[in-house]
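In what follows, a single structure is set out as structure tokens and then discussed.
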Number of protein chains: 2
Amino acid sequence: MTKITASIITIGDELLIGQVVDTNSAWMAQQLNNIGVWVQHRVAVGDVWDDIWQALDEESKRSDIILITGGLGPTADDITKPLLCKYFDGKLVMHEPTLQHVTYLFEYVFKRPMPLLDRNRRQAEVPDVCTVLKNEKGTAPGMLFEKNGKIFISMPGVPHEMQGIMQDHVLDLIQQRYTMPHIGHRTLLTAGQGESMLAEMIKDWEEVLPSFIKLAYLPNYGMVRLRLTGTEEKDLVEQELDRQFAQLKVLVKEYLVVDEDITMNEVVGKMLKAAGKTLATAESCTGGYIAHLITLVPGSSLYFKGSVVSYDNSIKKNVLNVQSATLESAGAVSKETVTEMQKGILNIMHTDYAIAVSGVMGPDGGTAEKPVGTVWIAVGDSQSVEAKKLHFRFDRKRNIELTAINALNMLRLFIKKSK
Amino acid sequence: MTKITASIITIGDELLIGQVVDTNSAWMAQQLNNIGVWVQHRVAVGDVWDDIWQALDEESKRSDIILITGGLGPTADDITKPLLCKYFDGKLVMHEPTLQHVTYLFEYVFKRPMPLLDRNRRQAEVPDVCTVLKNEKGTAPGMLFEKNGKIFISMPGVPHEMQGIMQDHVLDLIQQRYTMPHIGHRTLLTAGQGESMLAEMIKDWEEVLPSFIKLAYLPNYGMVRLRLTGTEEKDLVEQELDRQFAQLKVLVKEYLVVDEDITMNEVVGKMLKAAGKTLATAESCTGGYIAHLITLVPGSSLYFKGSVVSYDNSIKKNVLNVQSATLESAGAVSKETVTEMQKGILNIMHTDYAIAVSGVMGPDGGTAEKPVGTVWIAVGDSQSVEAKKLHFRFDRKRNIELTAINALNMLRLFIKKSK
């Protein structure tokens, strides 16, 4: 069975000057991968006629499917539609169902109390050589073209619009058209050990992996994700992945967090939900980021009661009941303070577990004794508390993220141990 | 003056299966743009020998500078270094200063109580045809190659390591080597009006923009950023940008948030700081995300006191003092509840302003009366409160983000009005 390959072309100057981070490509790649399409190339080009044209030429030589996002807006910097029209030898015609949809959106969804502008009407024009893919969530429709046996799909760059068109049309359409080889993945998450040492622990096993199974190391936030990918006939791939994954889990055992491709906040959420326990956080330096990570998970209201973000010391005292004497003698970033914060939040929120953090995230506020990156974390229940001092060496945003992930991991270990 | 152009090649299967979002390219593009380098092409390829080789060939035909990230780790899936060695006809040799640095990192920074592994020692091997660029923050050094008048710079994919090498070496090196044309930008942020209507408001002005000035519309979170970019001789560009930008500001006046390229949370932070006022938040559905956005800004402790995340109704009652009768009659997602939350958090935190939000973020929890995406926001001071109901149509994460941005914008308008 031949591999079905795809290229992703993203269009827009904003991608090339770094004004926006491209999250579309990762999402699209994930979806394509799930149905067995191998994304082999991703390209970003500006709103420049020749560059877009050349990208279409090059990628259609490389791949079976070319997905294009961006450049379809109603404003003058968006040149993708006229270009596609010319590239595929078509001419622009009004697409009535799209025009009705655009009219409907402006009237009932955007609720704009004025007649449709010409530039909005033109959103409903499409090349007469394309198949229109309805965009439920926006005005610019998706467009499907074919040329020399390759298919080209153009979608808007707005993430939720592109996602809607992919889910409503593109994924089905690809699966109907192609018979794909199976792509299987197994992913596990480890914490507490670096990439090199993990590699060392599993090297004998890694060396004899069958050639159709690939191993990837994906380090992030001081944790390492290990991913096995297999491409071959489905039963063979799945069986072999199961067998190798079972061996891998044994090899990394003491550092294994979870044998699924989920995040640390999801892991902790699952544990709490399974045990029927509740959690609260008292956050100083993370400013609510731990609570945010926890509540990003749908259904987290089952186990998360809330948080006090005590950014100012007066809140630590007046709301969390940290003693003035503690703040004065040990300081806000200390074992004593986070321990009292943890106790304080348990008393306020009446949860089974609580996390408390306080630290110096930078770039300012560091001292010789407590330099930027110093953080104290306390986790526990009403019976016992564990506190730990960590030190991060990064920028403010990453220090906050690392503090949050480490706090969640400490809680995970605490729950595991106390079971 | 000729334009100096760059291509960015990112290497790694994780980028092509969508397991990680590429944030490096945006950061690199921003930095290059600032010094006048025009990034015209970005490519992502997998850990595949032929694909990397071809990308090097293609991009070196296209651009003066080729920046490469990823594929330099200590594990078997990382093939970039041997490939570069072959591509540039070199052989791998041990680079003693790098070996010393790697040894130092393992001993004093990572604090690993065991001898260096072979695979870590090999991190210090480099092709003898490259110039080594020290990586202060990690083990894999940057490498500079030259071929046919083009320069190639390979860096690790770990964001803070890549950033360190760019700042310590690459940006200087490029500025020393090339005389670059000036690239200037002016960016402003608008809120409250869509892309099409803005385009309509400014179209006469846009039509007569000089050819060396480009306008881009960058919609995000219901706001639109407008960016002018000019490339030409410096004085000319800067003068013309100032002139056009002044006109643009007048044209969008009523929707103008700020005439800088900063975020809504930075705008609000600046206003609070300038006025010497303080803020607290009471968050239900956003779960701490508003507090997180505010505290991402360095120095926010000057004006942000803290937050109560009242995810559970018991916290709304017991901590924020929302009346049981209110929750029972009007419900948790109501004008009455957010108004009481706003009052409650003001009483607890004694700030000048407070924000309160409560809503249904999805995917579950919606009712016919209050469907997923319904959110109530209250902002105000101790004298007056304004509450507003909004409705978002997206996924959980985006609904949370939009709620936060809208709440901050409401506060901004409230502060502006009450001045």
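We did not get these values from a lab; they are worked out from the coordinates using the rules stated. In this text the structure is predicted, and so the values were computed from the model without any measurement. FYI the Cβ positions are ideal-geometry reconstructions off the backbone, even for glycines, and counts take in every protein chain you see.
Observations on the structure shown:
- Summing charges over neighbours of A:Glu206, with a neighbour being any other residue whose Cβ is under 11 Å away from its Cβ, gives -2 when K and R count +1 and D and E count -1.
- Charge tally in the Cβ shell below 12 Å around B:Leu105, where Lys, Arg are +1 and Asp, Glu are -1, B:Leu105 excluded: +2
- Across the identical copies, the label point of A:Asp242 (7 Å from Cα in the Cβ direction) is separated from its matches by 7.2 nm, in order from shortest.
- For the stretch B:306-346 and the stretch A:139-165, distance of Cα centres in Å: 44
- Full extension of the chain between A:Lys397 and A:His160 yields a length gain of 82.8 nm, computed as 0.36 nm times the residue separation minus the alpha carbon distance.
- In the protein assembly as shown, helices alone account for a calculated mean residue ellipticity at 222 nm of -11500 deg cm²/dmol, with every DSSP H run of four or more residues adding -39,500 (n - 2.57).
- Counting Cβ atoms of other protein chains within 10 Å of each residue's Cβ and taking the mean over peptide A:115-123 gives 2.
- Entry for the stretch A:264-418 at q = 0.11, 0.14, 0.16 Å⁻¹: log10 I(q)/I(0) = -0.37, -0.60, -0.79, Debye formula applied to identical alpha-carbon scatterers, no solvent contribution.
- Computed over chain A: relative contact order in percent, which uses C-alpha pairs under 8 Å that are six or more apart: 10
- Listed by chain and number, the lysines whose alpha-carbon sits under 16 Å from that of B:Lys86, ignoring those within fewer than 8 places in the same chain, are B:Lys147.
- Teacher prompt: B:Asn318 distances to equivalent labels in other copies, 7 Å Cα→Cβ, nm: 2.1
- Equivalent-ellipsoid semi-axes of the protein assembly as shown, from the Cα gyration tensor, Å, largest first: 40, 36, 28
- The mean number of partner chain beta-carbon atoms within 10 angstrom of a residue's beta-carbon across peptide B:7-19 is 6.
- Of all aspartates and glutamates in the structure, those lying under 18 Å Cα to Cα from A:Lys234, and not within fewer than 8 positions of it along the same chain, are A:Asp242.
- Ordering B:Arg112, B:Arg412 by the number of other Cβ atoms within 10 Å of each residue's own Cβ, fewest first, gives B:Arg112, B:Arg412.
- Net charge of the neighbourhood of B:Glu328, taken over other residues with C-beta under 14 Å away and scored Lys/Arg +1, Asp/Glu -1, is 0.
- Computed over the stretch A:5-177: relative contact order in percent, which uses C-alpha pairs under 8 Å that are six or more apart: 23
- Average beta carbon contacts from partner chains per residue of A:214-220, 10 Å cutoff: 6
- A:Ile11, A:Ile213 arranged by Cβ crowding within 10 Å, fewest neighbours leading: A:Ile213, A:Ile11
- Share of pairwise Cα separations in chain B, more than 40 Å, in percent: 37
- Mean Cα-pair separation over length for the stretch A:261-383, i.e. relative contact order, pairs under 8 Å, 6 or more apart, %: 26
- Taking a straight line from the alpha carbon of A:Lys91, these aspartates and glutamates sit under 13 Å away, with near neighbours fewer than eight places off in the same chain left out: A:Glu125, A:Asp128.
- Centre-to-centre, using Cα atoms only, the stretch B:391-414 and the stretch B:35-71 are separated by 38 Å.
- Ranked B:Arg186, A:Arg177, criterion: other C-beta atoms within 10 Å, fewest first: A:Arg177, B:Arg186
- Relative to the other identical copies, A:Ser418 shows label-point distances of 4.1 nm, where the label point lies 7 Å from Cα along the Cβ direction and values run shortest first.
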